[in-house]
Amino acid sequence: MIADAATSLDAASTHGYLLVLAIVVPVGGVLIATAVGGRTAERTAFAVIAAGLILGFAILLDVWMTSRPLAYVLGNWAAPLGITLRADGISAVMLVTTALIIAATALYACADFTIPRDGLEARAPFVFWVLLLAVWAALNTVFLSGDLFNLYVALELLTFAAVPLVALSGRAEAITAALRYLLFALAGSIFYLLGVALLYGAYGTLDIILLHQRIRPELAVSLAVAMMTAGLLAKTALFPLHFWLPPAHAGAPPAASAILSALVVKGSFFLIIRIWFDVLPGSRSLAAAQVLGVMGAAAILFGSIVAFRQARLKLLIAYSTVAQIGYLFLLFPLVVGFEGSPWSATAWTGGWIQLVSHAFAKAAMFMAAGLIAQALGHDRIDDLGGVARALPLTVLAFAISGISLMGVPPSGGFVAKWLMLSASVEEGQWWWAVTVVAGGLIAGAYVIRVMTRMLGPRLELPTLSVKVDRWRQSLPLSLAICAMLLGLLPLQSLELLQVGLPHFLGSAGR
């Protein structure tokens, strides 16, 4: 993004107002839903979601057609005084991914958070719809902001919207998990803010482009980046800073679990990418990148093994998230130190496909698990026999999502893992390839374990506590199919992920 965003700012700003609307629309939705109250909050949310989908695809189309980032200077105050919104290829993809998953989650949540016309107004539905829009607004701000302090504000908004979602049920274990999540998030924010203060004191600006132009390899920069990265790792729940994630994601309502796992943890990871590849000069630390890779590899192995040992379905999926996050951090050792190599761009593309395919697959898995738990009254894996006959579409959604997590063709997870595996072999870093293969095998073990129980013989259908409509089962299935279809995209379309690519990377397949 840095290489050409600064020189083509004016040319790329023809439709820059779309970036403002992408943030203002969900923020406006939060304010309106809060003002009108619980009964109208749901309708407000759906109106905002429809507008947000259109805006997300419009931004994606603009970046794709022009092959350059889209930018907008707020209030015509140029940096360092003002704030610039920017959307490159990865920003545009994340905007659309977020909009699609938020839309599917909203439809899924209707059954749980709708207030009947003849019923009393309840607090939980009102809070859910307001927080859903707040999470969306914060994520869009993270994806579009070009100022490190503005990104800090967006991350705090994301935290304070996500934590109440964990505690929405009001159960003691959910509140405990939410408080643990809050403590980790606040500690991460302190470290991030201290790093921001160091950079501002050294260079007098927090604009990403200006920092990239001014920053120099020195102790203050290394310390600032180390503190900011450490804080963001706590928010992303990378091993061994993952302890808050499984109870938080497993204890939240299914609709909340879907967006927490699919989207919220990706916001802090997105910011780590911005710091490492857009703020820092070409002299990134290869040793530090290897450390991140080791942490990612440990997350893959630890999360997968612990997931296999879980007795409850939602906890298995939560620990699977810990493992799948680890794949994202293999991007750092595969890119840093190999500037100019075409395999660095291959690894870059693979990392982002992994992020998007995991978002769709994991949202589908949590939705499917929620339907199973609602229908059976529990989510004990050993007692899921016969559920495939009772909820065939739900089990199919879980199976397709599992195929993507395992990395089986032709899923998006397969393409992502194959690209990272190929880059690691070609760059001579074969140990990451071993980790990718091992992680896929263990993921296959826990997915097959669950599917064996679901498809296991049972003489009669299980007794269902609640009847689940087929239209609701189709929602996780549609997201799982999206994860699968990512693997069928033509290679030319993946070049969108390289629009605004940092100049030091090579060209994958071009």
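The values are calculated or read from the model by the stated rules, or taken from the named source; none is laboratory data. Small disclaimer: the values here were computed from a predicted structure and weren't measured. Don't worry about glycine lacking a Cβ; one is built from the backbone with ideal geometry, like all the others, and counts go over all protein chains shown. The protein model used for the area step is the full one, side chains on, heavy atoms only, and it has no ligands, DNA or RNA in it. Shrake-Rupley method; radii C 1.70, N 1.55, O 1.52, S 1.80 Å.
Brief remarks follow.
- Those helices (runs of 4 or more DSSP H) lying entirely in region 279-377 with at least 1 residues farther than 29 Å from Ala224 by Cα and open to solvent by 20 Å² or more (accessible area, probe 1.4 Å): 286-308, 313-328, 342-376
- For region 195-220, the tally of residues that are among the charged types (D, E, K, R) and out of contact with any Pro (no Cβ under 9 Å at 6 or more places or on another chain) stands at 2.
- From Ala138, Ala122, Ala87, residue being modelled with pLDDT under 90 and among the aliphatic types (A, V, I, L, M): Ala122
- Of all residues in region 70-111, those that are closer than 30 Å to Leu475 by Cβ and of a type in the set (S, T, N, Q) total 4.
- Any hit, region 427-448, residues being assigned to a helix (DSSP H, G or I), open to solvent by 10 Å² or more (accessible area, probe 1.4 Å), in contact with a Ser or Thr (Cβ under 6 Å, 6 or more places away or on another chain) and under 28 Å from Tyr108 (Cα atoms): no
- Residue in region 231-245 that is part of a loop (DSSP other than H, G, I, E, B), open to solvent by 10 Å² or more (accessible area, probe 1.4 Å), farther than 30 Å from Thr114 by Cα and touching a Gly at 6+ places or on another chain (Cβ under 9 Å) present: yes
- All positions within region 211-228 that are surrounded by 14 or more Cβ atoms within 10 Å (Cβ to Cβ), hydrophobic (A, V, I, L, M, F, W, C) and at pLDDT below 90: Leu211, Ile215, Ala220, Val221
- Boolean, Thr463 is among the hydroxyl-bearing types (Ser, Thr, Tyr) and either open to solvent by 80 Å² or more (accessible area, probe 1.4 Å) or under 20 Å from Asp382 (Cα atoms) (or both): yes
- Residue that is modelled with the lowest pLDDT [pool: residues in region 449-485 that are assigned to a helix (DSSP H, G or I) and basic (Lys, Arg)]: Arg470
- Filter result for Tyr181 (among the hydroxyl-bearing types (Ser, Thr, Tyr) and open to solvent by less than 10 Å² (accessible area, probe 1.4 Å)): no
- Within region 24-49, being under 13 Å from Ala106 (Cα atoms) and free of Cβ contacts under 8 Å to residues at least 40 places away in the same chain holds for Arg43, Ala47.
- For Ala388, the criteria (1) more than 21 Å from the chain's Cα centre (by Cα); (2) within 22 Å of Leu301 (Cα to Cα) hold in every case but one, which is (2).
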